[in-house]
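The structure appears below as structure tokens.
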Amino acid sequence: MILGGVSKLWLAIVGSLIVLSVIFLAPNIWGGALPDWWSKAFPARGIRLGLDLRGGVFIQLGVETDQGVNRRLEGVLATVKEEFDPPAEAITKAEIKDFAISMKFSSADFFSKALRAIEIKFPELTVRSSLEKLSIRAFPSNYGISEIRDSSIDQVRQVIENRVLDFGLVEPSITRLGDSKIVIQVPGASDEDRDRIVDIIKKTAVLEFKKVHGQGFSRSEAITNAGMATERGLKEKNLSIHQSFEGGNENFFVTESGSSVTGEHISDARLTFDSFGRPAVSFSFSGQGAGKFGKLTETNIGNRLAIVLDGIVKSAPVIQSRISFEGQITGSFTQEEARDLALVLRSGALNVPVTVEQERLIGPSLGKDSIQKGKLSMIVGGALVIVFMILYYGTHGVVANLALGINMFLIMGLLASLGVTLTFPGIAGMILTLGIAVDGNIIIFERIKEEMRAGKSRLHSIETGYKRSIRTILDANVTTLLAGLVLFWFGNGPIKGFAATLCAGIVCTVFSNLIIARLISGFLWKEKGA
């Protein structure tokens, strides 16, 4: 019972919700005036503003998901190579083309060993083999290719999110767009940080460790020193050529095409200094990576090992002894470059290349201007609604306005508690909900007026008016809520923001219409003894 005897339980619930809203919105209301202990005891962030309201960085990336399939097949080749020592004597030819890997072997024993390894370790691949030709062709199914593409784009999204969060910005929005694109929005980035953020996001950071087969001042000299005549010969022997970061007499390096140890095995990376006091990046491997790196260095003592970052040889030291857990990348880095490189290595390398399709730096001036206009329109619109409700419904209009104000406060508190980022579409969703709230009050008041015209007492009319309106209000709002949930589930970006505020607004509006307004009416007319 709410009206006749005002329910203490509902009073306690409404009071608790208002207190919780104050707590969640405190950072927006008082900002820096909050004491230090507040962030330890309560949420430190209130409602977050989106890119369109706050300014920041907008980037749309195209993800080369086909490269994800090729890298998976490179992993197959690396696994097969681990079966042989040295692999060059067993595998006479290896080629990855049209989402399939083709290999030829020098003997039937090597062929059988490789076939068994592929069938055991990669059961998801379809395998075609010929004992007569000593050849194996393995490829994923169409469904498998689709799965690899999907996982590639998800991995890219996760890595970029890690990088932006590691940079110290805690409100990035990184979402998939279709099957091969990612949209990144970083609200609140300062002018000084923007260039670095864009550079960090764009950096592929594919780190590989490869045995050096030759080096030289020119491409042809490097190929000759590797014992080959042409670049085609390099490909047939599964070798590749890379440019050097340092330059000088070693502009180019010939290395193996694939690598069994990559940046994905790195567990930590940090800014350090080399023996000459220059900035460098030191890294450590995880358990599995440490084992692979230890085996790679142990079997190549006395040889040079190229540290290849995004296709560029950063350094190529001679391996003096077995190394398991740690390494260092040296070069002509500034401290800032070395720190950013450590950040991207620590947060993980992109498994496939990405290209920047759109890049915009959005200033906050547009958002400020729009916020001012939005405030003005809300004040003018709200004032008109308040005046109309009071003039048309009298005291009931006052009740509706009080409930509307509390409803607005609860919506903002709920959005803050859910961590929703407020954008222009979100504001549109809130305004739409307030309109729905006014409609709900009008439905209730019209029912009350009908009861009073039938000669019922005011208290009885109010009680009956609310009871008769419940079904109508629930019907209208539940259907709107379902539509909002569908939009939230299938939408993204602005559509998702609109749906989130619409759903939160609907829940608070129904509560406001049926509980808060009823409680206020109960207080008012119980005191009057109507």
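The values are calculated or read from the model by the stated rules, or taken from the named source; none is laboratory data. Since we're looking at a predicted model, the values are computed, not measured. When we count neighbours, we look across all protein chains shown, and the Cβ atoms used for this are built from the backbone with ideal geometry, even at glycine. What goes into the accessible areas is simple: the full protein's heavy atoms, side chains included, and nothing from ligands, DNA or RNA. Shrake-Rupley method; radii C 1.70, N 1.55, O 1.52, S 1.80 Å.
When G327 is tested against (1) part of a strand (DSSP E or B); (2) out of contact with any helix residue (DSSP H, G or I) (no Cβ under 8 Å at 6 or more places or on another chain); (3) of a type outside the set (F, W, Y), exactly one condition is not met: (2).
Would you say E236 is touching a Leu at 6+ places or on another chain (Cβ under 9 Å), at negative phi, of a type in the set (D, E, K, R) and surrounded by fewer than 21 Cβ atoms within 10 Å (Cβ to Cβ)? Break it down into steps so the answer makes sense when it comes.
Working: touching a Leu at 6+ places or on another chain (Cβ under 9 Å): no; at negative phi: yes; of a type in the set (D, E, K, R): yes; surrounded by fewer than 21 Cβ atoms within 10 Å (Cβ to Cβ): yes.
No; evaluated as a whole, the condition is false for this residue.
Of all positions in segment 299-312, at least one carries a residue that is more than 15 Å from T255 (Cα to Cα), open to solvent by 30 Å² or more (accessible area, probe 1.4 Å) and among the β-branched types (V, I, T).
I'd like to check something: does segment 77-90 contain any residue that is more than 30 Å from S180 (Cα to Cα), in contact with a strand residue (DSSP E or B) (Cβ under 6 Å, 6 or more places away or on another chain) and not small (G, A, S)? No, the conditions are met nowhere in segment 77-90.
Among the criteria (1) open to solvent by 60 Å² or more (accessible area, probe 1.4 Å); (2) in a strand (DSSP E or B); (3) closer than 29 Å to E82 by Cβ, the one R270 does not fulfil is (3). Residues of segment 239-249 that are more than 40 Å from the chain's Cα centre (by Cα) and open to solvent by less than 80 Å² (accessible area, probe 1.4 Å): G248 alone.
When you go through D199, D179 one by one, which is the residue that is under 27 Å from V76 (Cβ atoms) and modelled with pLDDT under 85? Quick ask: steps written out before the conclusion?
Details: D199 fails: under 27 Å from V76 (Cβ atoms).
Going through D199, D179 in turn, the sole match is D179.
Considering only segment 394-402, I want to know if a residue exists there that is under 27 Å from the mean Cα position of the chain (by Cα) and either open to solvent by less than 70 Å² (accessible area, probe 1.4 Å) or over 21 Å from G484 (Cα atoms) (or both). The answer is no, given that none of the residues of segment 394-402 is under 27 Å from the mean Cα position of the chain (by Cα) and either open to solvent by less than 70 Å² (accessible area, probe 1.4 Å) or over 21 Å from G484 (Cα atoms) (or both). The residues of segment 507-518 that are within 16 Å of S469 (Cα to Cα) and open to solvent by 10 Å² or more (accessible area, probe 1.4 Å), listed by number, are V510, F511, L514, I515, R518. Check whether at least one residue in segment 411-425 is hydroxyl-bearing (S, T, Y) and either at pLDDT below 85 or closer than 30 Å to D310 by Cβ (or both), and report yes or no. So far as segment 411-425 goes, yes, one or more of its residues are hydroxyl-bearing (S, T, Y) and either at pLDDT below 85 or closer than 30 Å to D310 by Cβ (or both).
Of the residues making up segment 416-460, those that are out of contact with any Lys or Arg (no Cβ under 8 Å at 6 or more places or on another chain) and among the polar types (S, T, N, Q) are S417, T423, T433, N441, S457. Taken over segment 422-470, the criterion of being under 30 Å from K496 (Cβ atoms), without any contact (Cβ under 8 Å) to a residue 60 or more places away in the chain and small (G, A, S) is satisfied by G435 alone. For segment 113-122, the criterion of being touching a Leu at 6+ places or on another chain (Cβ under 7 Å), at pLDDT 85 or above and part of a helix (DSSP H, G or I) is satisfied by at least one residue.
The set of residues in segment 116-173 being of a type in the set (K, R) and open to solvent by less than 40 Å² (accessible area, probe 1.4 Å) consists of R163 alone. Elements of the type strands (runs of 3 or more DSSP E) sitting completely within segment 1-110 and holding at least 2 residues that are open to solvent by 70 Å² or more (accessible area, probe 1.4 Å) and within 30 Å of K211 (Cβ to Cβ): these cover 91-97. Contact annotation: residue pairs with Cβ atoms under 7 Å, 6 or more positions apart or on different chains, pairing a residue in segment 71-88 that is closer than 27 Å to Q155 by Cβ with a partner that is of a type in the set (A, V, I, L, M) and in a loop (DSSP other than H, G, I, E, B), are R71/V352. Scanning segment 374-388 for residues that are modelled with pLDDT of 75 or more, open to solvent by 70 Å² or more (accessible area, probe 1.4 Å) and within 21 Å of A428 (Cα to Cα) returns L376, I379, V380, L384, I386. Against the test of being part of a loop (DSSP other than H, G, I, E, B), over 30 Å from F488 (Cβ atoms) and either open to solvent by 50 Å² or more (accessible area, probe 1.4 Å) or at pLDDT 85 or above (or both), the options S332, S365 yield a single qualifying residue, S332.
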